[in-house]
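Enquirer: First the structure, then my questions, so here it is.
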Amino acid sequence: MIQTVATTPYADQKPGTSGLRKKVPHFQQPNYVQNFVQAIFDSLEGFAGKTLVIGGDGRYFNREVIQIALKMAAAAGFGRVLVGRGGILSTPAASNVIRKNRAFGGIILSASHNPGGPTEDFGIKYNIGNGGPAPERITEAIYARTKEIDEYRIVDAPDVDLDKLGSFDLEGMKVEVIDPVADYAELMESLFDFDAIAAMFRDGFRMSFDAMSAVTGPYAQAIIETRLGAPVGTVRNATPLPDFGGHHPDPNLVHAKELYDAMMGADAPDFGAASDGDGDRNLIIGKGIFVTPSDSLALLAANAHLAPGYSGGLAGIARSMPTSGAADRVAEKLGVGLYETPTGWKFFGNLLDAGMATICGEESAGTGSNHVREKDGVWAVLLWLNVLAARKEPVKDIVTKHWAEYGRNYYARHDYEGIDSDAANGLVAALREKLKALPGTKVGPLTVAEADDFAYLDPVDGSESKHQGIRILFEGGSRVVFRLSGTGTSGATLRVYIERFEPDPAKHGMETAEALADLIAAAETLAGIRERTGRAEPDVIT
Ligand code: VG1
Ligand code: CO
């Protein structure tokens, strides 16, 4: 029986960089979830009788929202929903399920790298039929709809048992509870040389994968331990927990510090990796060397041909604007296109669909390819393993040789979290105002060459996205980028991206902070971070 329930709009359901993210108690307000889910369905056309995919990263509130979404999908007229057992699907696995089953779209429940638990974060996002995040045109339609919604529809039925594989009827809609790992593991096996990687493990190669008590545990165990034969225990924190064990499932040097320390120790394994809450990010650390995500993108692009799935070469490389230019020189050498997009995976979808790019990446530990339409943490780790198995060299040697060949991009991101929103907006507005006057100005030893507010014109569909970050480029190719996060849930987060290109191999051994010191000082001078936000230091440096 379909019930139509009257509701009133919430004013704050604007999707950010990756869906709608709020604190759990915020989502628990009456009809907050129902309004947003109905707004998604109201913004779509032609899905009657078609398939929807639903899954999440297992965080607190996941199961409750899945039941609501299932009952609303049935009321909306979907013919079938595929849902991961236990409500679990990593973001890249969900993308794969959508593509493989030619589903109409999918709803992914996650706040990614943000903490989980009763007072922490939750999120909902919609993915389209290509398996990728909805483009801005759709997220804007959803937001517009949330502002005028006055009713939602839901079937009156008992909850679906999410822990039993199989097919169930939900008021005329078929619900299939599927194994969340099987299809994904099969896809990985089709891309990489599992025999070579397994042989490397048999020869004593040691690895540590930290799943951070988040969604990748079951994926990494099934693939790395079971299929590739790495010793049991290679995957740590492998059970997805609703609160991620109280940790912040963000694979960076701050939140994965234990792994980092282990990798810098005398008895370090050969290779360390971690993933985030929903499994789309990756952290790569070799024995004694952290690989920045921007370098990892460049290295993977340069070596991808060593994996069977990419032996035919790359069509092109895409990176988000704040990501370092390391990949640009790889693209140049390969003679393929390099595309610079705004932050967020949704901007890669068109390039991948059009066959213009094969590998994409972001400085925020996201790397992926045309195998799905999301960034993919486990995929990046497996591609690294494939490269290591083929080259039979330590990570450190591979990285330093890469720098010697292409030059090194020293890179850091400074995050100022939970700052006052007005102060953050004021800082960006002030920078925007002086952009025109900046070229030619001296800031310490540096001279500004160009300054702009990044805008993107999608080469495939002609859509335009403005105000995607303030770029200040200095003579000699260094730069500082300022932008506000679109994924935070309290106050504002200012991200300052700092990059310096160093072609001379004799100067590749510096500490990053030392190499970037002039730029860090220039960022402060130009933006007045301390004065405007009251913060003397960033909260997180990655
Ligand atoms: C951040 C990252 C961005 C990433 C996004 C979603 O966005 O900077 O590169 O695509 O998170 O990743 P923002 O707007 O906070 O800078 V995830 O793993 O949170 O889905
Ligand atoms: Co994520």
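The values are calculated or read from the model by the stated rules, or taken from the named source; none is laboratory data. Keep in mind that what you see is a predicted model, and the values were worked out from it rather than measured. Positions of Cβ are generated from backbone atoms using ideal geometry, with glycine treated the same way; all protein chains shown enter the neighbour counts. Quick note on the areas: whole protein, heavy atoms, side chains included, nothing else; ligands and nucleic acids left out. Shrake-Rupley method; radii C 1.70, N 1.55, O 1.52, S 1.80 Å.
Enquirer: Pairwise over distinct Cα atoms, reciprocal of the mean inverse distance: report the Kirkwood radius of segment 167-225 in Å, one decimal place. Write out the running numbers ahead of the final one.
Expert: Working: mean 1/r = 0.0715 Å⁻¹.
Taking every pair of different Cα atoms in segment 167-225, averaging 1/r and inverting gives 14.0 Å.
Enquirer: Return the lysines within reach of K14: Cα separation strictly under 26 angstrom, same-chain partners fewer than 8 residues apart disregarded; answer none if there are no such residues.
Expert: Answer for K14, where 26 Å is the Cα cut-off: K22, K23, K71, K125, K147, K346, K375, K466, listed by chain and number.
Enquirer: Okay, moving on. Counting only heavy atoms of the protein chains, get the accessible area per residue of the chain (1.4 Å probe) and round it to a whole Å² value. Before the final figure, lay out each step's value.
Expert: Working: 20080 Å² over 542 residues.
Per-residue accessible area for the chain comes out at 37 Å².
Enquirer: A follow-up question, please. Scan the chain and note any complete DSSP helix (H) whose C-alpha atoms cover at least 27 Å along its axis and whose Kyte-Doolittle average is 0.5 or more. Walk me through the intermediate numbers first.
Expert: Details: long enough: none.
TM-like helix candidates: nothing returned.
Enquirer: While we're looking at this one, here's another question. Normalised radius of gyration for segment 184-406, please: alpha carbon Rg relative to 2.2 N^0.38 Å, two decimal places. Intermediate values should be presented prior to the final figure.
Expert: On the way: Rg = 16.1 Å, N = 223, 2.2 N^0.38 = 17.2 Å.
Dividing the Cα Rg of segment 184-406 by 2.2 N^0.38 Å gives 0.94.
Enquirer: Highest mean first, what order results for 375-381, 217-223 on Cβ atoms within 10 Å?
Expert: Working: 375-381: 28.6, 217-223: 24.3.
Packing order, densest peptide first, comes out as 375-381, 217-223.
Enquirer: When the helices in the chain are scored as -39500 (n - 2.57) per DSSP H run of 4 or longer and the sum is shared across all residues, what 222 nm value do you end up with, to the nearest 500 deg cm²/dmol? Can you show the working numbers first?
Expert: Values: 18 runs with 169 residues, N = 542.
Result for the chain: -9000 deg cm²/dmol, rounded to the nearest 500.
Enquirer: Would you list, by chain and number, the lysines whose Cα falls below 24 Å from the Cα of K287, excluding same-chain residues fewer than 8 positions away?
Expert: Within reach: K257, K392, K396, K401, K507.
Enquirer: Below 13 angstrom from the Cβ of R500, what's the summed charge of the other residues (Lys, Arg +1; Asp, Glu -1)? List each step's numbers first, then the result.
Expert: Details: positive: R408, R479, K507; negative: E475, E499, E502, D504, E511, E514, D518.
With Lys, Arg at +1 and Asp, Glu at -1, the neighbours total -4.
Enquirer: Now a separate question. So for segment 113-177, what percent of the C-alpha to C-alpha distances run longer than 13 Å?
Expert: Details: 1628 of 2080 pairs.
Beyond 13 Å sits 78 percent of the P(r) for segment 113-177.
Enquirer: With equal scatterers on the alpha carbons only and no solvent term, can you work out the Debye log10 of I(q)/I(0) for segment 302-443 at 0.14, 0.15, 0.20, 0.22 1/Å?
Expert: -0.79, -0.88, -1.29, -1.47
Enquirer: Please report Rg over Rh for segment 408-541, where both radii come from the alpha carbon positions and Rh follows the Kirkwood definition.
Expert: Values: Rg = 15.3 Å, Rh = 15.6 Å.
Ratio of gyration radius to Kirkwood radius for segment 408-541: 0.98.
Enquirer: Same structure again: Of all accessible surface on the chain at a 1.4 Å probe, what whole percent is carbon and sulfur? Let's see the in-between values first.
Expert: Working: 9790 of 20080 Å².
After summing per-atom areas, the C and S share lands at 49 percent.
Enquirer: Would you mind classifying segment 2-179 by shape? Square roots of the alpha carbon gyration tensor eigenvalues, ordered a ≥ b ≥ c; an a/c under 1.5 is rounded, otherwise it is prolate if a/b is larger than b/c and oblate if not.
Expert: Values: a/c = 1.25, a/b = 1.14, b/c = 1.10.
Because its axes are fairly even, with a/c under 1.5, segment 2-179 counts as rounded.
Enquirer: Next up: How large is Rg over Rh for the chain, taking Rg from the Cα atoms and Rh as the Kirkwood inverse mean of 1/r across Cα pairs?
Expert: 0.96
Enquirer: Sticking with this one: Sorted by packing (mean other beta-carbon atoms within 10 Å per residue), highest first, where do 36-46, 459-469 land? List each step's numbers first, then the result.
Expert: Working: 36-46: 20.1, 459-469: 13.4.
Listed from highest to lowest mean packing, they are 36-46, 459-469.
Enquirer: How large is the Kirkwood hydrodynamic radius of segment 224-352, counting all unique pairs of alpha carbons, in Å? Intermediate values should be presented prior to the final figure.
Expert: Numbers: mean 1/r = 0.0599 Å⁻¹.
Evaluated on segment 224-352, it is 16.7 Å.
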